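Participant: First the structure, then my questions, so here it is.
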Amino acid sequence: MNTLFSQLEFARQAAAAVLAETGRAAEADMVVRGQGDDFLEVRTALLAVQRAGSRVALLERALHCYADPDFWDAEPCEAMLAYHDRGDVARAALRGRDGFAQHRD
């Protein structure tokens, strides 16, 4: 969901589903074909997809940090990032903030 194109496709699908469920099949077909990007339903869905995508990207970045073996491995224990982190990256991501600046190599 990183590119605007894929986000727009997700938004089109969501908007088309809403339009179809509300009995607006012709408009739903237009949206699926990419001819209704100016519809309020598509613009609203695109905004929701973009915001959700930003949140997911932040959470994925936190997971990647914790998934990196180098984050956990170091001798002595006090040298590893995990020793100093104590969940700060995760808490920052859950608050919608980027907590990676605090960890410097």
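The values are calculated or read from the model by the stated rules, or taken from the named source; none is laboratory data. Fair warning: this is a prediction, and the values are worked out from it, not measured in the lab. Backbone-built Cβ (ideal geometry, glycine too); neighbour counts: all protein chains shown. Heavy atoms of the whole protein, side chains included, go into the accessibility calculation; ligands, DNA and RNA do not. Shrake-Rupley method; radii C 1.70, N 1.55, O 1.52, S 1.80 Å.
Participant: Tell me yes or no: at least one residue of the stretch 67-76 is surrounded by fewer than 13 Cβ atoms within 10 Å (Cβ to Cβ), within 21 Å of the chain's Cα centre (by Cα) and among the small types (Gly, Ala, Ser).
Facilitator: Checking the stretch 67-76: at least one residue is surrounded by fewer than 13 Cβ atoms within 10 Å (Cβ to Cβ), within 21 Å of the chain's Cα centre (by Cα) and among the small types (Gly, Ala, Ser).
So that you can scan it fast, the table gives a plain yes or no per residue for (1) of a type in the set (A, V, I, L, M); (2) in contact with a Leu (Cβ under 9 Å, 6 or more places away or on another chain); (3) open to solvent by 70 Å² or more (accessible area, probe 1.4 Å):
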{"position": "11", "(1), (2), (3)": "yes, yes, no"}
{"position": "24", "(1), (2), (3)": "no, no, yes"}
{"position": "27", "(1), (2), (3)": "no, yes, no"}
{"position": "30", "(1), (2), (3)": "yes, yes, no"}
{"position": "41", "(1), (2), (3)": "no, yes, no"}
{"position": "46", "(1), (2), (3)": "yes, yes, no"}
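Participant: Moving to a separate point now. Inside the stretch 15-28, can you point out the residues that are more than 16 Å from residue 43 (Cα to Cα) and either of a type outside the set (Val, Ile, Thr) or touching a strand residue (DSSP E or B) at 6+ places or on another chain (Cβ under 7 Å) (or both)?
Facilitator: 20, 21, 23, 24, 25, 26
Let's see how each residue does on (1) basic (Lys, Arg); (2) in contact with a Phe, Trp or Tyr (Cβ under 9 Å, 6 or more places away or on another chain); (3) within 21 Å of residue 99 (Cα to Cα); (4) without any contact (Cβ under 8 Å) to a residue 40 or more places away in the chain:
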{"residue": "6", "(1), (2), (3), (4)": "no, no, no, yes"}
{"residue": "9", "(1), (2), (3), (4)": "no, no, no, yes"}
{"residue": "20", "(1), (2), (3), (4)": "no, no, no, yes"}
{"residue": "26", "(1), (2), (3), (4)": "no, no, no, yes"}
{"residue": "35", "(1), (2), (3), (4)": "no, no, no, yes"}
{"residue": "46", "(1), (2), (3), (4)": "no, yes, no, yes"}
{"residue": "49", "(1), (2), (3), (4)": "no, yes, no, no"}
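Participant: Residue check: is residue 62 closer than 30 Å to residue 87 by Cβ and open to solvent by less than 30 Å² (accessible area, probe 1.4 Å)?
Facilitator: It is true that residue 62 is closer than 30 Å to residue 87 by Cβ and open to solvent by less than 30 Å² (accessible area, probe 1.4 Å).
Participant: Go through the stretch 10-58 and report how many residues are in a helix (DSSP H, G or I), at pLDDT 95 or above and of a type outside the set (A, V, I, L, M, F, W, C).
Facilitator: 8
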